[in-house]
Amino acid sequence: DLGYDVSAIRKDFPILGDVVYLDNAATSFSPEPVIDAIIDFEHNYRANIGRGVHRLTQISSQKYWHAHEKVATFIGGESGITVFTKNTTEGINMVAGGISWNQGDRIVTTILEHHSNLLPWRALSKKGVFVDVIGLNSSYSPDLSELKKVICPQTKLVAVTYASNVLGVVTPVKEIAEICHENGVMLLVDGAQAVPHMPVNVTDISCDFFVFSGHKMLGPTGTGVLWMKEASIEPLFLGGGMVESVTGEGFTPESGYKKYEAGTPNISGGIALGVAADYLSGIGMDAVREYEETLTNRLIERLKKIPGVTVYSPGRPEDRIGVVSFNVEGFRPHGIAQELDENADIMVRSGYHCCQPLMEYLGLKEGTVRASIGLYNTMHEIDLLIASIEEIVG
Ligand code: PMP
């Protein structure tokens, strides 16, 4: 018994079937209820939100607001502020641009990070804010002794990924949060690769900011989330929809998430993201975690047995999600990915995965091939991938 009936779930994903999709870390597919929510908006009640009193705007506003509640509940963040963004990248930029920095402030991040959790921080150098980057231990996890050493009175924020989009490693965010609290430092967690694959509780982690992408958790593209413990930052975007009143001199912002959502948002996307959260809760994130772990274990075990294949994964199943990077001796990562597509209809990613500093750190000049598992993948698909690589290797 693998936690749930995957063949029943696959029926909800019309796009499955023609291809073996193992690029879920880049973006996931959406199930019918999510697609239906978008169509329902377009067919039946499309209207702007929070503006006017007519009946369509009331339906639209209500559903959009309710989607925030659903997403907040999904991540255990009811007591904080759940802001809809267009993706993880936007959320991180909103935090980088919204904190009031002082010259000399420092930020700590890790070598694991996606460019999105590095470049917005590095850009603060123009305000005199600098970034310290910590390395990894032998299990590919951030070296916490280095973190403790590098944190200093000038450190204002630690920004760390919850799960790596290259190595699949799950980082000890709770331990990192404790270190942050002891030092009076804020914590931002990049949950882009965690939220779709395991139970997440932001209150339990005790972070200040938590960002993720809706489009990687079965939601529409153009959706993401910035969760904040409190409204501690200035809104980066100003304009309509985020103000309670505007006078000749200034303005009073709205409270809650509205303060951070200026302009007309992706309304149907947000509503459909709420449906995606419901869909995942319906399956149960514990079941998703267990199911994907079984597939991941098999994939790693069998990959390691192929001559010439090197796998870059933490050893213990509890320390990793189903993101598996590897290389095949004598082949370029893009070559493998292309052959898998052309010969076997298998979609994997290849290259740097938006993590060039990590690739350099690991000495991987052309990056890796990356297979990333989603809740609708099957053991059969894993076996197909393995058989196809065996064939390429010859
Ligand atoms: N962080 C991590 C860990 C990611 O995997 C990704 C997406 N690959 C991002 C950030 C950026 O997400 P988005 O492109 O949705 O902004």
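Given the convex hull of the Cα atoms of the stretch 277-321, what is a quarter of its surface area in nm²?
3.6 nm²
If you keep only loop residues by DSSP, which GluC sites (Glu not before Pro) in the stretch 160-233 have at most 12 other Cβ atoms within 10 Å of their Cβ?
For GluC sites (Glu not before Pro) across the stretch 160-233 that sit outside H, G, I, E and B with at most 12 neighbouring Cβ atoms in 10 Å, the list reads 230.
Rounded to the nearest 10 Å², what accessible area does residue 347 have for a 1.4 Å probe in the complete protein model?
For residue 347, the solvent-accessible surface is approximately 50 Å².
Just tell me, in residue order, which DSSP H segments of the chain are both 20 angstrom or longer along the helix axis (alpha-carbon based) and at least -0.5 in mean Kyte-Doolittle hydropathy.
Those that clear 20 Å and a mean of -0.5 are 267-283, 379-393.
Counting Lys and Arg as +1 and Asp and Glu as -1, what is the net charge of the other residues whose Cβ lies under 9 Å from the Cβ of residue 23?
Neighbour charge sum, excluding residue 23 itself: +2.
Can you give the accessible area per residue of the chain, in Å², using a 1.4 Å probe?
With the other protein chains kept in place, the chain gives 42 Å² per residue.
Rounded to a whole number, what is D in µm²/s for the stretch 300-339 from Stokes-Einstein with the Kirkwood radius over alpha-carbon pairs (37 °C, 0.692 mPa s)?
Here the translational diffusion coefficient equals 296 µm²/s.
From the phi angles alone, apply the Karplus equation (6.51, -1.76, 1.60; θ = phi - 60°) to the stretch 370-378 and give each ³J(HN,Hα) in whole Hz, x where the residue is Gly or Pro.
10, 9, 10, 8, x, 5, 9, 6, 10
Leaving out ligands, DNA and RNA, what percent of the accessible area of the chain is carbon and sulfur, probe 1.4 Å?
Carbon and sulfur together cover 49 percent of it.
Shape call for the stretch 29-116 from the C-alpha gyration tensor, a ≥ b ≥ c root eigenvalues: rounded (a/c under 1.5), prolate (a/b greater than b/c) or oblate?
prolate
Assuming R0 = 51 Å, what is the FRET efficiency of residue 127 and residue 301, from their Cβ-Cβ distance, to the nearest 0.05?
After rounding to 0.05, the efficiency reads 0.60.
Using a cut-off of 10 Å between beta-carbons, work out the net charge of the residues near residue 274 (Lys and Arg +1, Asp and Glu -1, residue 274 not included).
0
Once the convex hull of the alpha carbons of the stretch 63-200 is built, what does its volume come to per residue, in cubic angstrom?
Cα convex hull per residue, to the nearest whole number: 115 Å³.
P(r) for the chain, please, calculated from all Cα pair distances in 20 Å bins and given in %.
With a bin width of 20 Å, the distribution comes to 27, 56, 17, 0.
Find how much the distance from residue 175 to residue 66 grows on full extension, using 0.36 nm per residue of separation minus their present alpha carbon separation; answer in nm with one decimal.
Value of the extension gain: 36.0 nm.
Describe numerically, in nm with one decimal, the distance between label points set 7 Å from Cα along Cα→Cβ at residue 206 and at residue 246.
In this crude label model, residue 206 to residue 246 measures out at 4.2 nm.
Would you mind checking 86/258; 229/258; 86/174 for any pair whose Cα atoms are more than 18 angstrom apart?
Table pairs above 18 Å Cα-Cα are 86/174.
For the chain, what's the relative contact order in percent, using C-alpha pairs closer than 8 Å and at least 6 residues apart?
Computed over the chain, the figure is 23 percent.
What full-extension length gain, to one decimal in nm, is calculated for residue 101 and residue 73 as 0.36 nm per residue of separation minus the Cα-Cα distance?
Once the chain is fully extended between residue 101 and residue 73, it gains 7.0 nm.
Between 237, 209, 29, which gets the highest mean-square fluctuation from a Gaussian network model of the chain, Cα cutoff 10 Å?
237
Rounding to the nearest 20 debye, state how big the charge dipole of the stretch 226-316 is about its Cα centre with +1 on each Lys and Arg Cβ and -1 on each Asp and Glu Cβ.
Here the stretch 226-316 has a charge dipole of around 720 debye.
Quick check: net charge around residue 77, other residues with Cβ under 12 Å of its Cβ, Lys/Arg +1 and Asp/Glu -1?
Taking every Cβ under 12 Å from that of residue 77, the sum is -3.
The values are calculated or read from the model by the stated rules, or taken from the named source; none is laboratory data. Keep in mind that this is a model prediction, so the values were computed, not measured. Quick reminder, even Gly has a Cβ in these numbers, built from the backbone with ideal geometry, and neighbours come from all protein chains shown. Heavy atoms of the whole protein, side chains included, go into the accessibility calculation; ligands, DNA and RNA do not. Shrake-Rupley method; radii C 1.70, N 1.55, O 1.52, S 1.80 Å.
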